[in-house]
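K.L.:
Take this structure first; my questions come after.
What follows draws every value from the coordinates through simple rules; no lab data is involved. Keep in mind the model is a prediction, meaning the values are calculated, not measured. Note: ideal-geometry Cβ built from the backbone for every residue, glycine included; neighbour counts use all protein chains shown.
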Amino acid sequence: MMRWPSFVATFDADIAPIYHAHERDFDEPGIHGRMHIARCLLFAEFMGRHYHARTAARPAMNDVRFATAFHDAARRANGPDLWDEESAGRCAEYARRHPALFSRDGDAMAALLAAKPDPGGFLEAQIVHDADVLDIMRPCCGHGGREGFREGALIFLGEHDPAGRDPEVRSRLVEEAWALIRATEECKSDLAGSGDYLAEILAILAALHSECPMLAGELGLRGLDSP
């Protein structure tokens with residue numbers, strides 16, 4: 001089982017370069033680049049740990065991490081995702097090459113990314129979906145930022161979450177996600193040449209302990225071990 005600090009290093013070495021290439025080839029604004037994926041990983045990590053610590057749900061954390069990391073890997077343009085099956089296939093290929101890191105085999109990882117986050121479905125797919133939903137607030141998407149955020153699309157701890165409800169934590173996560181988005185977008189150009197992208201985003205989060213006490217307290221600079 002890979003712990004969070006090891007995953008951070010693995011992402012920066014193996015997966016971040018895929019999204020860096022996207023930024024060079026078709027995504028200069030970084031709409032679906034490294035920053036989007038890095039933030040999604042932090043949101044997913046927090047939600048997965050919350051389920052483990054405070055509910056009876058037990059998502060497979062490495063499956064969540066890698067599914068989140070690969071969910072836009074095969075994109076060849078911004079806009080509607082016409083390559084989701086190819087992205088799922090890239091995740092499956094990685095799982096076949098590194099089976100010890102996953103609780104599912106390659107085909108099951110591909111199915112996980114293709115799964116709809118319906119109540120009663122795979123919790124891991126729900127977390128990946130919710131992480132992507134939270135990051136839609138990023139200004140480059142043009143959905144109106146925090147004011148335009150459609151909270152009903154977020155399943156986490158809401159009325160349709162089979163793991164339970166917690167309006168306070170749910171609301172705090174939305175606000176902290178927005179604070180992290182604003183802070184990291186300001187640093188996007190400074191991170192363009194980074195070889196430790198997710199680690200640097202974690203450092204930014206650690207400095208936001210007053211604005212993001214819940215996220216920063218859980219993940220911090222290096223991140224605590226999680227299930």
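K.L.:
What list do you get for V174, V133 if you sort them by fewest beta carbons within 10 Å?
P.N.:
On the way: V174 18, V133 22.
With the fewest neighbours first, V174, V133 line up as V174, V133.
K.L.:
Same structure, new question: What residue among Y19, G30, P139 has its Cα farthest toward the positive end of the dipole of segment 4-219, where the charges are +1 on Lys, Arg and -1 on Asp, Glu, each on the Cβ?
P.N.:
It is Y19.
K.L.:
What stretch of the chain, leaving out the sites themselves, is the longest with no chymotrypsin sites (Phe, Trp or Tyr not before Pro) in a DSSP loop having at most 16 other Cβ atoms within 10 Å?
P.N.:
The segment 84-227 is the longest one with no such site.
K.L.:
Taking the Cβ of R172 as the center, what net charge do the other residues with Cβ under 15 Å away carry, scoring Lys and Arg +1 and Asp and Glu -1?
P.N.:
Result for the neighbourhood of R172: -3.
K.L.:
Okay, moving on. So how many Å³ per residue does the convex hull of the Cα atoms of segment 4-219 work out to?
P.N.:
113 Å³
K.L.:
Pop the C-beta distance of E147 and S194 into the FRET formula with R0 = 22 Å and round what comes out to the nearest 0.05.
P.N.:
E between E147 and S194, to the nearest 0.05, is 0.15.
K.L.:
Measure off 7 Å from each Cα along the Cα-to-Cβ vector at C187 and D84, then give the distance between these two points in nanometres to one decimal.
P.N.:
The two pseudo-label positions are separated by 3.1 nm.
K.L.:
Count charges around A16 for me, please; just the other residues with Cβ under 11 Å from its Cβ, Lys/Arg as +1, Asp/Glu as -1.
P.N.:
So the surrounding residues net to -4.
K.L.:
Could I ask something else about it? Can you tally the net charge around G106? Count Lys and Arg as +1, Asp and Glu as -1, for every other residue whose Cβ sits under 10 Å from the Cβ of G106.
P.N.:
Cβ neighbours under 10 Å give a net charge of 0.
K.L.:
Could you give the dipole magnitude of the chain about its Cα centre, charging the beta-carbon of Lys and Arg +1 and that of Asp and Glu -1, in debye to the nearest 20?
P.N.:
Around 380 debye, computed over the chain.
K.L.:
Now for a different question. How far is the Cα center of segment 5-36 from the Cα center of segment 120-134, in Å?
P.N.:
Segment 5-36 and segment 120-134 have Cα centres separated by 20 Å.
K.L.:
Could you derive backbone 3J(HN,Hα) for segment 69-79 from the dihedral phi with the Karplus parameters 6.51, -1.76 and 1.60 (θ = phi - 60°), listing whole Hz in sequence and x where the residue is Gly or Pro?
P.N.:
With the stated coefficients, segment 69-79 comes to 5, 9, 5, 10, 4, 9, 4, 10, 6, 7, x Hz.
K.L.:
Once a ≥ b ≥ c are taken as the square roots of the eigenvalues of the Cα gyration tensor of segment 47-140, is the result rounded (a/c under 1.5), prolate (a/b larger than b/c) or oblate (a/b not larger than b/c)?
P.N.:
oblate
K.L.:
With the dipole of the chain worked out from charges on the C-beta (+1 for Lys and Arg, -1 for Asp and Glu) around the Cα centre, which of H50, L154, S189 lies farthest toward the positive end?
P.N.:
Checking the options against the dipole of the chain, the answer is H50.
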